[in-house]
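Take a look at the structure below.
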Amino acid sequence: MKTVAKIIAVAVTAAVVVVSNPLASFANGGKNEKVAPSQEQVSVKYQGTTNNTIAFKVEFDNTTGEKFTLIIKNDNGDVVYHNQYSEAHFSKNVYFENTDADIHPTFIIRTANNSEIVRQFQVTKTLTENTTVTQL
């Protein structure tokens, strides 16, 4: 009796694997290809500056739910941040140290099929001096 139960369990498992794989491919138009994200799915916005930080918000509408990597590079092209995610609606605040120098951060979303969406920024500081004259 236990042997019959094992055979049935193996048969059901095999049937699920055989049936689910073609169904998964139908979700992508009948193809088993990975779809590259569009430019509109990625948003990187400058959020503002405080005395200590420069803030950006990175958002990615990952409709497929596949793994992707967020890479951030500095002015020299050195990777300063690299992490993998798989959220469908990804949102992350990124902070840079606020220094006197201009910065040129590059944000890259890289998907599993090595498609990349790149956003580059230049943050330039301008010092403005206000002078007030009051008649006595």
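Taken together, the values in this text are just the output of simple stated rules run on the coordinates, not laboratory data. These numbers come from a predicted model, not from an experiment. Neighbour counts run over all protein chains shown; Cβ positions are idealised from the backbone, glycine included.
Structural remarks
- FRET efficiency for S86 and Q122, using Cβ-Cβ distance with R0 set to 22 Å, rounded to 0.05: 0.10
- Its Cα gyration tensor gives region 39-120 an equivalent ellipsoid. The semi-axes, each the square root of 5 times an eigenvalue, are 24, 14, 10 Å from largest down.
- A crude spin-label estimate for the pair L136 and D78, with each label 7 Å from Cα along the Cβ direction, gives 5.3 nm.
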